[in-house]
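Asker: I have a structure I would like to understand better, so I am pasting it below and will then ask my questions one at a time.
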Amino acid sequence: QVQLVDSGGGLVQAGGSLRLSCVVSGSMFRMLSINPMGWYRQAPGKQRELVASITSGGTTNYTDSVKGRFTIYRDNAKNTVFLQMNSLKPEDTAVYYCNAHRWIAGTRRDYWGQGTQVTVSS
């Protein structure tokens, strides 16, 4: 069974930093990390959006609103993907979800962490 465990959220003042972690259970990390892994977020009343992603080769991609402030990286030895968030703004407030996926017979199957709340106060 694939399990992604998100952690690291919390309450922080504007301008502060947080580091989110996503641990992928056991042997599944190698399989899932072949494809891009990413962090999504969902604010109240809004759709879930992709914040950052990282490929198996380490290529990263960010949504425009977080470029220069957030960094996604991975530690393969620890089966973990991180999201370092600096210079946080109130508009970054959301539940953040780790995502991984794989392809099974041509169909994409997504796996999600349970989510971790990030609240940025002004």
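The values are calculated or read from the model by the stated rules, or taken from the named source; none is laboratory data. Keep in mind the model is a prediction, meaning the values are calculated, not measured. As a convention, Cβ positions derive from the backbone with ideal geometry for all residues, glycine included, and neighbour counts pool all protein chains shown. When the accessible area is computed, the model is the full protein with side chains, heavy atoms only, and any ligands, DNA or RNA have been set aside. Shrake-Rupley method; radii C 1.70, N 1.55, O 1.52, S 1.80 Å.
Asker: Hey, could you get me the Stokes-Einstein D for region 16-120, Kirkwood radius over alpha-carbon pairs, 20 °C and 1.002 mPa s, rounded to whole µm² s⁻¹?
Answerer: 153
Asker: To continue, here is another question. Which one, I54, T116, A14, is farthest towards the positive end of the dipole of the chain when Lys and Arg carry +1 and Asp and Glu -1 on their Cβ?
Answerer: Most positive-ward Cα: I54.
Asker: I've got another one for you. Summing +1 for each Lys or Arg and -1 for each Asp or Glu, what net charge is found among the other residues whose Cβ lies under 15 Å from the Cβ of S87?
Answerer: Working: positive: R19, K67, R69, K89; negative: D64, E91, D92.
The answer is +1.
Asker: Sticking with this one: Just add up the charged neighbours of V24: K/R +1, D/E -1, any other residue whose Cβ is under 15 Å from the Cβ of V24.
Answerer: In short, +2.
Asker: Can you send over the carbon and sulfur percentage of the accessible area for region 40-92, probe radius 1.4 Å, protein chains only?
Answerer: Carbon and sulfur together cover 44 percent of it.
Asker: If you add up the charges near A100, with Lys and Arg at +1 and Asp and Glu at -1, over every other residue whose beta carbon is less than 14 angstrom from its beta carbon, what do you get?
Answerer: Working: positive: R30, R74, R102, R108, R109; negative: D6, D110.
Counting the neighbours of A100, the net charge comes to +3.
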